[in-house]
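Engineer: This structure is in structure tokens; I'll ask about it shortly.
The values are calculated or read from the model by the stated rules, or taken from the named source; none is laboratory data. Model, not experiment: these values are computed from the prediction. For neighbour counting, all protein chains shown are included, and Cβ atoms are generated from backbone atoms with ideal geometry for every residue, glycine included. Protein only, heavy atoms only, side chains kept; ligands, DNA and RNA dropped before computing areas. Shrake-Rupley method; radii C 1.70, N 1.55, O 1.52, S 1.80 Å.
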Amino acid sequence: QVQLVESGGGLVQAGGSLRLSCAVSGRTINTYAMDWFRQAPGKEREFVAAISPGGGHTPYANSVKGRFTIARDNAKNTVYLQMNSLKPEDTAVYYCAIGRIVSTPDSPRVDYWGQGTQVTVSS
């Protein structure tokens, strides 16, 4: 079975940084797009970032552009989300996902989801 396990979440002060990791088992990720989504309490799940199989296409939500960076290490079967200059509004459960094509803000294209990791940014 395909499993995605996020790690790296936690509590951080505004302006700080976190690096989320998503380790995938049961599927080699090198030919798949990887995505990050997040969901804050009382809000719908929203697209954060995605990376194409080759790494050449990395769309970001406008709210995180310039602060977050998505990367992949196919040798480790892992995708990362480097989050800098964190804001309280970044507080959410962050989910990684894998799919055949990159997701977009309006069109998630996800085969499997991770369980999520909590990110809390204090002011």
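Engineer: For the range 9-26, does any single residue satisfy the condition of being basic (Lys, Arg), crowded, with 18+ Cβ neighbours inside 10 Å and out of contact with any Pro (no Cβ under 8 Å at 6 or more places or on another chain)?
Structural biologist: No; the residues of the range 9-26 include none that is basic (Lys, Arg), crowded, with 18+ Cβ neighbours inside 10 Å and out of contact with any Pro (no Cβ under 8 Å at 6 or more places or on another chain).
Engineer: Another question about this same structure. Go through the range 43-81 and report how many residues are polar (S, T, N, Q) and either surrounded by fewer than 15 Cβ atoms within 10 Å (Cβ to Cβ) or in a loop (DSSP other than H, G, I, E, B) (or both).
Structural biologist: So the count comes out to 5.
Engineer: State yes or no: is GLY116 closer than 19 Å to LEU11 by Cα, open to solvent by less than 20 Å² (accessible area, probe 1.4 Å) and touching a residue at least 12 places away in the same chain (Cβ under 8 Å)?
Structural biologist: yes
Engineer: Within the range 57-108, work out how many residues are acidic (Asp, Glu) and more than 26 Å from ALA14 (Cα to Cα).
Structural biologist: Residues that pass the stated criteria total 2.
Engineer: Another question, then. Which residue pairs have Cβ atoms under 9 Å apart, sit 6 or more places apart or on different chains, and have a first residue in the range 70-82 that is over 12 Å from THR58 (Cβ atoms) and touching a residue at least 40 places away in the same chain (Cβ under 8 Å) and a second that is assigned to a helix (DSSP H, G or I) and open to solvent by 10 Å² or more (accessible area, probe 1.4 Å)?
Structural biologist: Between residues of the range 70-82 that are over 12 Å from THR58 (Cβ atoms) and touching a residue at least 40 places away in the same chain (Cβ under 8 Å) and residues that are assigned to a helix (DSSP H, G or I) and open to solvent by 10 Å² or more (accessible area, probe 1.4 Å), the close pairs are ASN74/ASN30; ASN77/ASN30.
Engineer: For the range 83-113, give me the residue count where each residue is in a strand (DSSP E or B), of a type in the set (A, V, I, L, M) and open to solvent by 30 Å² or more (accessible area, probe 1.4 Å).
Structural biologist: Looking only at that region, the number is 1.
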